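Visitor: Just dropping this structure here.
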Amino acid sequence: MIRTLIFGAIAGYVGKKLYDDGKLTEFKDDLVARYGDAKAELADKTADATRTPTTPAMTSPSVASATNFN
């Protein structure tokens, strides 16, 4: 547990230092761009899937209850 706390403190210190130096803005911008691309691609796939169904609609048969209440 102490190793985890020490590692977290070091990671926090290094992250804060990089943030203050402005070196994380490129990383953030890249993540935002990738997220936007993935979101648009997913929306396109979803829109395509709703327009052209590839499998016929499945219907479930009606099932009569076989429970005896006597």
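The values are calculated or read from the model by the stated rules, or taken from the named source; none is laboratory data. Just so we're clear, the structure is a prediction, and the values are computed from it rather than from any experiment. Note that each Cβ is placed from the backbone with ideal geometry, even for glycine, and that neighbours are counted across all protein chains shown. Remember, those area values only see protein heavy atoms, side chains included, never the ligands or the DNA or RNA. Shrake-Rupley method; radii C 1.70, N 1.55, O 1.52, S 1.80 Å.
Visitor: Please list, ordered by first then second residue, the pairs with beta carbon atoms under 7 Å, 6 or more apart or interchain, first in segment 23-45 and free of Cβ contacts under 8 Å to residues at least 60 places away in the same chain, second surrounded by 10 or more Cβ atoms within 10 Å (Cβ to Cβ) and part of a helix (DSSP H, G or I).
Guide: L24/L18
Visitor: Next up: On the basis of being at pLDDT below 60 and either open to solvent by less than 100 Å² (accessible area, probe 1.4 Å) or assigned to a helix (DSSP H, G or I) (or both), does A40 make the cut?
Guide: No: the conditions fail for A40.
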